[in-house]
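J.: Have a look at this one before I ask anything.
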There are 2 protein chains.
Amino acid sequence: MPERSGAIRCQRIHCGPVNARTVTLLDVAQAAGVSKSTVSDALQGSGRVAPATRDHVREVAARLGYRPNSAARRLRSARTGAIGLHLPQTATRLDYYMKLAFGAVARAQEEGLDVVLLAPAGGTHGPLASRVDGMLVIDPETGDAAVPALLDAGVPVVTGERYLGPAPDPVGAVVCDNAASLTALLDHVHDRGARRPALLAPADTSAWAAALHTTAENWGRDHALPVARHTVSFAATAREAEEATAALLAADPDIDAVVCAPDGAAPGVLRAATALGRTPGRDLLVASCVDGAATRGSSPAITAVDFRPADYGRVCVELLCDILAGRTGPETVRRHGWTLETRASTLGTD
Amino acid sequence: MPERSGAIRCQRIHCGPVNARTVTLLDVAQAAGVSKSTVSDALQGSGRVAPATRDHVREVAARLGYRPNSAARRLRSARTGAIGLHLPQTATRLDYYMKLAFGAVARAQEEGLDVVLLAPAGGTHGPLASRVDGMLVIDPETGDAAVPALLDAGVPVVTGERYLGPAPDPVGAVVCDNAASLTALLDHVHDRGARRPALLAPADTSAWAAALHTTAENWGRDHALPVARHTVSFAATAREAEEATAALLAADPDIDAVVCAPDGAAPGVLRAATALGRTPGRDLLVASCVDGAATRGSSPAITAVDFRPADYGRVCVELLCDILAGRTGPETVRRHGWTLETRASTLGTD
DNA sequence: CCGGCTTGCCGGAACGTTCCGGCAAGGCTT
DNA sequence: AAGCCTTGCCGGAACGTTCCGGCAAGCCGG
């Protein structure tokens, strides 16, 4: 295996000063005149170490540039120090997922954990269980073949939104109240005078989409104002929303509000409206189920539900850490808040 | 440390059957009636093992559900089996980066490598060098405080686009010919009749943006057609592009083509044009430096340069792997291709 | 001044793997 | 038939950590 030695040599080349051998606990111990156990204890704050010794050891370690070897640490402590993150392969709401991922990374970092990106295609190359201590599975779709494998990989899993398929193991979940947020959206356009609202949403292959559909139905029943619905793809583009809106308005010209679910697609609703001679915010109210650059940057700006994705990511990591540490049961469900951002597209102020 | 035992217990609970202790090489060896060395060799395909023994061992390992412990493997072989991925914290071109990340993950998986997402904020919690074998630093910006730390973390680094700041170590790079692609874009609008093109681009804090500026200048000089330039933010929204375009057209009504750099912002150019009574594709050509959902889904669809981000991610990983394996020198620079996608916004066909 | 308790430190044994050296057994050449 | 090489397998030593048991030394009450 000449490759391997090559790889190692290459790595060595890059390791700072040429003569730099990786400095271990033992090196620090010798330099500080104590045993490796003491060094370990001093650095970890574990065991019983005299304050003077502790400071001395830490000083020596810093001077030598000691860097703990995470592989050894992981082996010994039976923890990988990493969590997996799975995002929908059909990753629409890109803005959203990206922010969520960064939020998760930030929070994980605070816990000293790495976040490894799991391949959307599934097909894990190795034993997932020995590579991560736990996993985040965000917006698991029933159609996603990778999800079941992830769920019984043998490590605790926290899902962002519930998984609608059969969950083999007890898992934690962080859920958004999608019913409440869509209700708020519909109430809002209703307050602004809309009487025939419509919903553009993906098929109910995710908990999010499913909640949207039932909520629309319930709201329609409660208000005796049936909500027209049109199915778009999970990763709908603005163009797709545009076409859907055109179809919707052609079928029922009385529609006076369009709520668009997929992130980034809502501007298409604006375009369709304008093309048909409507004025968004006046004779056609437009809103989006998920806030993002597209809704904030359009003109008029589009009313949307802000799920604060970065926070969402943080909360997911937090729950996973709590489960890992045994601070809470594995079936814990936590809620994540949202806010309604009302803007010109439903207020008519331009 | 009661937490830790809690964590372990929790992990055990999830490990399939209740009595399931993690099965090691030794367990397989005993079950197969051979030594652990033989098991290791049989499974890895290393050393000398009789085919019959090899098959037998593999069969036993599979039956017992043996899963190699990656921490042990990493410790022993001095490789972490993971690469880091750093994306610009000001992550515009989200669509782009997301696709790139997924491409990288897919390719890394083929090599048996994990991809760990590096915190944009820097502030690594541990020794980077012992957590990853190498790193991908995508579109490093000079303003990003995290980048220098990453570059001399002691592991090989491949950058996506060059780093303009002082690079402490020799690193590999995968670069796009931004000069050529912008030239192609300008040539294209020139061919379509534009004589006063303008460029909306971020300040030159990244190699990409810097290339855009110098290319615009060169092209203008070569064609005796100065390119009007307007600076927008790296993470420009459609609204920002809209305002910039309005300002640009107000200052110089003769402008007949606008090339917008940041991903997702180009639709704003369309809006500004329409608002000013222009017809995109006819009396104002519009193009984007980076293709994505926004350019494809707008109407009219926007001509753009497609960098095939998923491929880009793959190529970066490939180069990093080659460097790690010593198959190529550390200073290797590879080029990544692009294609010009001409669409209605410059063709006038609608 | 002695038994017990606390404090501070240390050795050594894991953790599960890879890999090197070695050693029989058997086949080949001479 | 004696030497040698190859094949197939094995034992053991790392890799760098954490953590448990233990052991001196100091301090106390009695």
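J.: Please identify every one of the trypsin sites (Lys or Arg not before Pro) in region B:138-214 that sits in a loop by DSSP and has no more than 12 other beta carbons within 10 Å of its own beta carbon.
T.: Hits after loop and neighbour filter: B:ARG195.
J.: So what is the 222 nm mean residue ellipticity for the protein assembly as shown from helices alone, if each DSSP H run of at least 4 adds -39500 (n - 2.57) and you divide by all residues, rounding to the nearest 500 deg cm²/dmol?
T.: Mean residue ellipticity at 222 nm (helix-derived): -13500 deg cm²/dmol.
J.: What does the extension gain come out to for B:LEU225 and B:ARG195, with contour length at 0.36 nm per residue minus their alpha carbon separation?
T.: 10.1 nm
J.: Using a 7 Å offset from Cα along the direction of the beta-carbon, what are the separations from B:PRO253 to the same position in each other copy, nm, ascending?
T.: In ascending order, 3.7 nm.
J.: Further question on the same structure: Averaged across A:237-247, how many Cβ atoms of other chains sit within 10 Å of each residue's Cβ atom?
T.: Details: counts 6, 7, 6, 1, 1, 3, 1, 0, 0, 0, 0.
Mean partner-chain Cβ count within 10 Å for A:237-247: 2.
J.: Using only atoms on other chains, find how many Cβ atoms lie within 10 Å of each Cβ of peptide B:65-77 and report the average. Could the numbers behind the result be given before it?
T.: Working: counts 2, 1, 7, 3, 8, 12, 14, 6, 4, 9, 8, 3, 4.
Taking all residues of B:65-77 together, the mean is 6.
J.: Accessible area per residue for chain A in Å², computed with a 1.4 Å probe and the full protein assembly in place, what is it?
T.: Per-residue value: 40 Å².
J.: Please express the Cα-Cα pair-distance distribution P(r) of region B:157-299 as a list of whole percents, one per 5 Å bin, running from 0 to the bin with the greatest distance.
T.: All Cα pairs, binned at 5 Å, distribute as 2, 10, 20, 22, 20, 12, 6, 4, 2, 1, 0 percent.
J.: While we're here: Are there GluC sites (Glu not before Pro) in region B:262-350 that DSSP puts in a loop and that have at most 13 other Cβ atoms within 10 Å, and which ones?
T.: Counting only loop positions with at most 13 other Cβ atoms within 10 Å, the GluC sites (Glu not before Pro) in region B:262-350 are B:GLU331.
J.: Continuing with this model, one more query. Work out Dmax and Rg for chain B from the C-alpha atoms and quote the Rg first, both in angstrom.
T.: When restricted to Cα atoms, chain B yields Rg and Dmax of 26.2, 85 Å.
J.: Right, another one. Have a look at A:VAL315, A:VAL105, A:VAL49 and tell me which one the Gaussian network model of chain A (Cα, springs below 10 Å) gives the largest fluctuation.
T.: Ranking A:VAL315, A:VAL105, A:VAL49 by mean-square fluctuation puts A:VAL49 first.
J.: Still on this structure, please answer the following. With +1 assigned to the C-beta of every Lys and Arg and -1 to the C-beta of every Asp and Glu, and no other charges, what is the dipole magnitude of the protein assembly as shown about the Cα centre in debye, to the nearest 20? Display every interim value, and only then the final one.
T.: Values: 70 positive and 76 negative charges, 559 e Å.
The calculation lands at about 2680 debye.
J.: Amide H neighbours of B:VAL258 under 5 Å, counting only residues 5+ apart in sequence or on other chains, H built in-plane at 1.01 Å?
T.: Those qualifying (amide H under 5 Å, at least 5 residues apart or on another chain) are B:ALA198, B:LEU285, B:VAL286, B:ALA287.
J.: Sticking with this one: At 7 angstrom along the Cα-to-beta-carbon line, where would the label on B:ALA145 sit relative to the other copies? Give the distances in nm, shortest first.
T.: Output for B:ALA145: 4.6 nm, nearest copy listed first.
J.: What dipole magnitude, in Debye to the nearest 20, does chain A give about its Cα centre under +1 on Lys/Arg Cβ and -1 on Asp/Glu Cβ?
T.: Working: 35 positive and 38 negative charges, 360 e Å.
That gives chain A a dipole magnitude of about 1720 debye.
J.: Further question: Most mobile of A:PRO166, A:PRO88, A:PRO280 per a Gaussian network model of chain A (Cα springs, under 10 Å)?
T.: So, out of A:PRO166, A:PRO88, A:PRO280, the one fluctuating most is A:PRO166.
J.: For the protein assembly as shown, which whole percent of the accessible surface, found with a 1.4 angstrom probe, sits on carbon and sulfur atoms?
T.: Details: 14700 of 27950 Å².
The C+S portion of the solvent-accessible surface of the protein assembly as shown is 53 percent.
J.: Using a label point 7 angstrom from Cα along Cα-to-C-beta, what distances in nm, from shortest up, separate B:SER46 from the other copies?
T.: So the distances to the same position in the other copies read 2.8 nm.
J.: Next question. Of A:PRO262, A:PRO202, A:PRO51, which has the largest mean-square fluctuation in a 10 Å C-alpha GNM of chain A?
T.: A:PRO51
J.: Further question on the same structure: As a test of the definition: with a 1.4 Å probe, what buried accessible area, both sides summed, do you compute for A against B, in Å² to the nearest 100?
T.: 5800 Å²
J.: Then there is this: Return the FRET efficiency for the residue pair A:GLU217, B:ASP204: r is the Cβ-Cβ distance, R0 is 35 Å, and the value is rounded to the nearest 0.05.
T.: 0.10
J.: Let me ask you something else. Peptide A:258-270: average number of partner chain Cβ atoms within 10 Å per residue?
T.: 2
J.: Would you check the accessible area of A:GLU111, probe 1.4 Å, heavy atoms only, in square angstrom rounded to 10?
T.: That residue has around 80 Å² of solvent-accessible surface.
J.: Something else now. Report the per residue volume, in Å³, of the convex hull enclosing the C-alpha atoms of region B:149-215.
T.: 82 Å³
J.: Skipping prolines and chain starts, which residues have an amide H placed within reach, meaning under 5 Å, of the one on B:VAL157, given they are 5 or more residues away or on another chain?
T.: B:MET135, B:GLY172
J.: Among bridges DSSP assigns within the protein assembly as shown, what percent are antiparallel (round to 5)? Numbers along the way, then the final one.
T.: On the way: 9 of 79 bridges.
Percentage antiparallel, nearest 5: 10.
J.: Return an integer: the convex hull volume of the alpha-carbon atoms of the protein assembly as shown, in Å³ per residue.
T.: 177 Å³
The values are calculated or read from the model by the stated rules, or taken from the named source; none is laboratory data. Quantities reported herein were computed from a predicted structural model and do not represent experimental measurements. Positions of Cβ are generated from backbone atoms using ideal geometry, with glycine treated the same way; all protein chains shown enter the neighbour counts. Areas reflect the complete protein model, heavy atoms only, side chains present, ligands, DNA and RNA absent. Shrake-Rupley method; radii C 1.70, N 1.55, O 1.52, S 1.80 Å.
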